[in-house]
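Visitor: Have a look at this one before I ask anything.
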Amino acid sequence: MYDTGCERMIVQVRDRITLKIESVAFGGSGVGRVDGFVIFVPFTASADVVEVEIVEKKKKFARARLLNIIEPSPLRTVPQCRCYGRCGGCCYQHITYDGQLKIKHRQVVEAFLKIGGIAEPPVKEIIPSPQPYAYRGKAELHAEKTKSGVKLGFMDVSGGRVVDIERCEIMDEAINGQIRQARSKGFSPDDADNLIFWSEPVDPASGIVTRRVKDLEFLVPRTGFFQANLYLTGRMVDEVLRLAEHKKIETIVDACCGSGLFSVFLAPCARRLIGIEISEKSVKCARANAERHHVQNAEFVCGDIEEVLRNMARGGDTVDVILLDPPRTGLSPEALAAVCDLQSSDIIYVSCNPATQARDVRMLLAHGFCLKSLQPLDMFSQTEHVEIVAWLTADRRV
């Protein structure tokens with residue numbers, strides 16, 4: 001029971017216990033405690049009273065599976081997806097959308113408090129997605145051969161098997177149509193590229209897809225990266241622009257620039273813009289996007305950001321603003337050192353992982369930067385992920 005009185009309970013694997021959920025941790029699992037011992041339970045919500053079975057025990061915590069909801073939380077709602085609970089793509093569909101936003105805001109605060117070492121993280125209210133469902137413009141599915149045929153879908157909650165799906169509720173309906181078409185025509189599990197679906201048609205000759213943000217069209221490689229939320233990407237661009245427009249800028253570096261989304265919008269803010277991207281296909285698209293939108297002060301370099309930034313620092317280049325938008329794993333210590341060596345006055349750090357972002361910001365603070373603001377955006381509704389735009393300056397100007 002969650003109320004054990006004076007008797008201390010020792011949790012073991014296969015134990016069935018009653019637990020009150022106190023909060024939801026980053027990653028989506030509810031958190032309960034037995035005599036102070038932490039137990040993580042997926043698909044639960046704060047204030048749930050649940051019956052669970054312990055499936056794994058570590059030194060400092062245990063994991064359990066949900067058996068029964070004894071007293072449901074006021075935050076509970078009905079999931080829209082019939083695969084929910086088996087598919088590993090979503091973990092918050094059982095929680096009201098307002099509840100999801102509050103959970104993610106608290107998780108960002110905790111990440112920068114515990115990992116970033118910041119006593120009072122300057123976290124703003126999270127910006128919600130205009131559409132909590134049917135918002136994603138890209139899907140990367142998996143296929144698995146079985147005795148009865150081939151499964152097409154997403155990995156299950158264990159990450160070991162594919163959940164066969166006919167549609168995904170967070171995908172744009174055009175993607176669901178393509179999934180149905182792929183299932184009817186047949187597909188090969190060995191060809192991963194054919195399991196990538198976009199909400200807009202892909203040019204079969206060039207392998208290029210078109211994305212539209214704030215009335216501008218962007219060319220993107222079929223296998224490349226682009227922001228997935230069709231209804232919130234423009235607002236994220238606005239947040240970045242707001243931070244870059246606060247003073248006169250000579251040079252902006254857009255590190256991990258992809259196909260030039262931020263570069264095209266940031267270029268008018270500076271005399272010179274340098275985009276850095278390791279994917280050659282994305283660099284070609286970035287150059288094409290700059291040309292088609294009449295951006296003449298941007299140049300794009302294909303290479304590793306650590307190497308390019310280090311060479312810029314050695315060459316004595318002066319940079320006013322650096323925009324960082326790395327993968328979920330964040331930046332290496334060497335890349336962060338190269339960023340610091342450029343001694344820019346402002347850093348705008350866009351991330352979809354508050355844990356690695358908080359880790360990297362901690363290093364930037366140790367090199368003299370000051371964290372001014374953290375703006376979360378719910379780019380990934382129904383999932384554990386959240387996008388954050390961080391603003392750091394080299395001094396204490398507002």
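Visitor: Of the numbered conditions (1) of a type in the set (A, V, I, L, M, F, W, C); (2) touching a helix residue (DSSP H, G or I) at 6+ places or on another chain (Cβ under 7 Å); (3) closer than 17 Å to Phe26 by Cα, Phe380 fails exactly one; give the number of that condition.
Guide: Answer for Phe380: the failing condition is (2).
Visitor: Inside the stretch 167-226, can you point out the residues that are among the small types (Gly, Ala, Ser) and either at pLDDT 95 or above or crowded, with 19+ Cβ neighbours inside 10 Å (or both)?
Guide: Matches in the stretch 167-226: Ala174, Gly177, Ser199, Gly224.
Visitor: Working only within the stretch 145-181, note down all residues that are without any contact (Cβ under 8 Å) to a residue 60 or more places away in the chain, part of a loop (DSSP other than H, G, I, E, B) and among the small types (Gly, Ala, Ser).
Guide: Ser148, Gly160
Visitor: Determine whether Glu250 is more than 30 Å from Arg161 (Cα to Cα) and either part of a loop (DSSP other than H, G, I, E, B) or in contact with a strand residue (DSSP E or B) (Cβ under 7 Å, 6 or more places away or on another chain) (or both).
Guide: Yes, satisfied.
Visitor: Also, I was wondering about something else. Only one of these conditions is not met by Leu243: (1) assigned to a helix (DSSP H, G or I); (2) among the aliphatic types (A, V, I, L, M); (3) within 26 Å of Cys91 (Cβ to Cβ); (4) within 22 Å of the chain's Cα centre (by Cα). Which number is it?
Guide: It is condition (3) that Leu243 fails.
Visitor: Separate question: For the stretch 1-89, list the strands (runs of 3 or more DSSP E) that sit wholly inside it and hold at least 1 residues that are within 21 Å of Ser158 (Cα to Cα), among the small types (Gly, Ala, Ser) and at pLDDT 95 or above; which are they? Explain how you work it out, then say what you get.
Guide: Details: elements: 16-24, 30-34, 37-41, 49-57, 61-71.
The strands (runs of 3 or more DSSP E) meeting that bar are 30-34, 61-71.
Visitor: Within the stretch 234-244, does at least one residue satisfy the condition of being farther than 22 Å from Asp320 by Cα and of a type outside the set (Ser, Thr, Tyr)? Can you show your working first?
Guide: Applying the first criterion (farther than 22 Å from Asp320 by Cα) to the stretch 234-244 yields 234-235.
Narrowing the set further to residues that are of a type outside the set (Ser, Thr, Tyr) leaves 234-235.
Looking through the stretch 234-244, at least one residue is farther than 22 Å from Asp320 by Cα and of a type outside the set (Ser, Thr, Tyr).
Visitor: Within the stretch 218-235, can one find any residue that is farther than 21 Å from Ile276 by Cβ and of a type in the set (Lys, Arg)?
Guide: Yes, the conditions are met somewhere in the stretch 218-235.
Visitor: Moving on. When you look at Glu125, is it of a type outside the set (Lys, Arg), in a loop (DSSP other than H, G, I, E, B), at pLDDT 95 or above and surrounded by fewer than 23 Cβ atoms within 10 Å (Cβ to Cβ), yes or no? Don't jump to the end; show me each part of the working.
Guide: Numbers: of a type outside the set (Lys, Arg): yes; in a loop (DSSP other than H, G, I, E, B): yes; at pLDDT 95 or above: yes; surrounded by fewer than 23 Cβ atoms within 10 Å (Cβ to Cβ): yes.
It is true that Glu125 is of a type outside the set (Lys, Arg), in a loop (DSSP other than H, G, I, E, B), at pLDDT 95 or above and surrounded by fewer than 23 Cβ atoms within 10 Å (Cβ to Cβ).
Visitor: Please work out which one of (1) of a type outside the set (A, V, I, L, M, F, W, C); (2) buried (at least 18 other Cβ atoms within 10 Å of the Cβ); (3) closer than 30 Å to Leu365 by Cα is the condition Tyr84 fails and give its number.
Guide: Exception for Tyr84: condition (3).
Visitor: Also, I was wondering about something else. Quick one: in the stretch 152-164, of everything that is within 15 Å of Arg183 (Cα to Cα) and open to solvent by less than 60 Å² (accessible area, probe 1.4 Å), which residue is nearest to the chain's Cα centre (by Cα)? Steps first, answer last, please.
Guide: Filtering the stretch 152-164 for residues within 15 Å of Arg183 (Cα to Cα) gives 152-154, 162-164.
Those left that are additionally open to solvent by less than 60 Å² (accessible area, probe 1.4 Å): 152-154, 162-163.
Values: Leu152: 23, Gly153: 20, Phe154: 17, Val162: 22, Val163: 22 Å.
So the residue we want is Phe154.
The values are calculated or read from the model by the stated rules, or taken from the named source; none is laboratory data. What you are looking at is a predicted structure, and each value in this text was computed from that prediction instead of being measured. Heads up, the Cβs are rebuilt from the backbone with ideal geometry, glycines too, and the neighbour counts pull from every protein chain shown. Each accessible area value is taken on the protein alone, full model and side chains, heavy atoms only, with ligands, DNA and RNA left out. Shrake-Rupley method; radii C 1.70, N 1.55, O 1.52, S 1.80 Å.
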